[in-house]
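Let me begin by presenting the structure, written as structure tokens, before commenting on it.
The values are calculated or read from the model by the stated rules, or taken from the named source; none is laboratory data. Since the model is a prediction, treat every value here as computed from it, not as a measurement. In this analysis, Cβ positions are derived from the backbone assuming ideal geometry, glycine residues included, and neighbour counts consider all displayed protein chains.
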Amino acid sequence: MTEWRPPLALISAWLALLLLLALTVTLAYLPLGAFNAVVALMIAATKTAIVAAIFMELRHRGLRTFVFAGAGLFWLGILLWLGSMDFLTRT
Amino acid sequence: MPETEAVAPQFASAQHRDETAELGMWVFIASEVLLFGGLILGYFVYRHNYVADFAAASRHTDIVIGTANTAILLTSSFLVACAVDAASAETRKLVAMLLSGAILLGLTFIALKGVEYSNEYREHLVPGIDFSFDPAHASGGQLFFLFYFVATSIHGLHMLVGIGLLGVLARLNFRSPGTRHRAALHSAALYWHFVDAVWIFLFALIYLPGRAS
């Protein structure tokens, strides 16, 4: 078997993800009121960004792949934005 | 191993073919984002209407299994990313081992989910089957558990598909390594990481709310 060592980027990403998991669980038990939800979602978004950039190798890809990967996010934004508009503004 | 694979006429080269496959997987992932996006929109709407009920119901989920499963899935993604990085004819044994590890972790995730489901069944938390919950929070609580079971079972189905894909590609890359099977492994890895990312959000929405109150 040839010598192969896991790249530092993959190991760091994995450890960062586990650290963020520990952080988000710990912060969930602190009484921060409405900020608990904001913090949980911000950490989830950070974890997803690490997965996309490093595990899914987006950091090595060009504009064309970004457009394809970003299209899903763009449509999701429209779905969540227009879909929740009525509920957030109704009195 | 020499590349003797023929390339279909619509592609100029093997690289062109493999890049097209990667973009195709991203299009598929975009459609999957909208599938889970619809579910999550429903969750936000009902959570907005039943804040206290959702927090109470969320406290009844198993944070220990949820956290363990998140760590398991993140680690399996790490192993798959390593397999993609290592993939070549010379490292095929290592790649097969890495993918087997990821598959094993995936199966552990499913098994733990099964334990969780059976506990929830015993605690009368399955909507429609003798559901019983603190009357003050019952209506929103039932909606929460409806979302919980629909979202986690659709996610579990994706896990099963991913485990099957990884199994097939571990075998193909072991028996006949080459750019074509490596590209297929790359696409399957993108799918696996996407399923991991979905879980990251499901974990934050299902297990974390209401823990501080």
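Some notes on this structure:
- Single residue of B:PHE11, B:PHE54 found to be not in a helix (DSSP H, G or I) and not aliphatic (A, V, I, L, M): B:PHE11
- Check on A:VAL39, surrounded by 13 or more Cβ atoms within 10 Å (Cβ to Cβ) and in contact with a Ser or Thr (Cβ under 6 Å, 6 or more places away or on another chain): no
So that you can scan it fast, the table gives a plain yes or no per residue for (1) under 20 Å from A:ALA45 (Cβ atoms); (2) within 13 Å of chain A (Cβ to nearest Cβ):
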{"position": "B:LEU143", "(1), (2)": "no, no"}
{"position": "B:SER153", "(1), (2)": "no, no"}
{"position": "B:VAL161", "(1), (2)": "no, no"}
{"position": "B:ARG171", "(1), (2)": "no, no"}
{"position": "B:LEU185", "(1), (2)": "no, yes"}
{"position": "B:HIS193", "(1), (2)": "yes, yes"}
{"position": "B:ALA197", "(1), (2)": "yes, yes"}
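- Qualifying residue in the range B:163-172 (condition: outside any helix (DSSP H, G or I) and in contact (Cβ under 8 Å) with a residue 60 or more places away in the chain): no
- Residues (aromatic (Phe, Trp, Tyr) and surrounded by 18 or more Cβ atoms within 10 Å (Cβ to Cβ)) located in the range B:136-186: B:PHE144, B:PHE145, B:PHE147, B:TYR148
- Some residue of the range B:191-201 being of a type in the set (D, E, K, R), over 16 Å from the mean Cα position of the chain (by Cα) and closer than 22 Å to B:VAL64 by Cα: no
- Pairs where the first residue, in the range A:71-87, is within 21 Å of A:ALA52 (Cβ to Cβ) and the second is hydroxyl-bearing (Ser, Thr, Tyr), C-beta under 6 Å, 6+ apart: none
- Test: residue in the range A:23-38 that is of a type outside the set (Ser, Thr, Tyr), farther than 24 Å from B:PHE203 by Cβ and not in a helix (DSSP H, G or I): no
- Residues that are at the interface with chain A (Cβ under 9 Å from one of its Cβ atoms), out of contact with any Asp or Glu (no Cβ under 9 Å at 6 or more places or on another chain) and touching a residue at least 12 places away in the same chain (Cβ under 8 Å), drawn from the range B:203-213: B:PHE203, B:LEU205, B:LEU208, B:PRO209, B:GLY210, B:ARG211, B:SER213
- Residues of the range B:108-159 classified as of a type outside the set (Gly, Ala, Ser), more than 19 Å from B:GLY42 (Cα to Cα) and either in a helix (DSSP H, G or I) or at pLDDT 95 or above (or both), total: 16
- Candidates A:ALA69, A:ALA40: the one that is under 16 Å from the mean Cα position of the chain (by Cα), at the interface with another protein chain (Cβ under 7 Å from one of its Cβ atoms) and farther than 15 Å from B:ILE29 by Cα is A:ALA40.
- Subset of the range B:67-97 that is within 17 Å of B:ILE206 (Cβ to Cβ) and more than 9 Å from chain A (Cβ to nearest Cβ) - its residue that is nearest to the chain's Cα centre (by Cα): B:LEU73
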